Amino acid sequence: DGFQDQFGGPRYKKYLRKKLRNFILSISHLPMAEQKIQVAQELFRWMGENPQTDDILVVGLEP
């Protein structure tokens, strides 16, 4: 919750659900610990200097 609603990027737009889904799929082959790092890096990359606009929760599950 919140990640897809975060404003940022070069045009200060929302990240959006489709972009988040594609990003999660692109890192799904990585170990969970690395996925956690990648998600945080992607969020901060997207936000840049913009403030966080909502609470953010990302849950990862592994079999």
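List the pairs whose first member sits in the range 46-63 and is on the phi > 0 side of the Ramachandran plot, whose second member is surrounded by 10 or more Cβ atoms within 10 Å (Cβ to Cβ), and whose Cβ atoms are under 6 Å apart, counting only residues at least 6 apart or on separate chains?
Note: pairs meeting the criteria are Gly48/Gly8.
Would you confirm whether any residue within the range 1-8 is hydrophobic (A, V, I, L, M, F, W, C), surrounded by 15 or more Cβ atoms within 10 Å (Cβ to Cβ) and in a helix (DSSP H, G or I)?
Yes, the range 1-8 contains a residue that is hydrophobic (A, V, I, L, M, F, W, C), surrounded by 15 or more Cβ atoms within 10 Å (Cβ to Cβ) and in a helix (DSSP H, G or I).
Mind checking whether some residue in the range 32-46 is hydrophobic (A, V, I, L, M, F, W, C) and outside any helix (DSSP H, G or I)?
Checking the range 32-46: not a single residue is hydrophobic (A, V, I, L, M, F, W, C) and outside any helix (DSSP H, G or I).
Just so you know, all these numbers are worked out from the coordinates, no wet-lab data involved. Every value quoted in this text rests on a predicted model; they were computed, and no experiment measured them. FYI the Cβ positions are ideal-geometry reconstructions off the backbone, even for glycines, and counts take in every protein chain you see.
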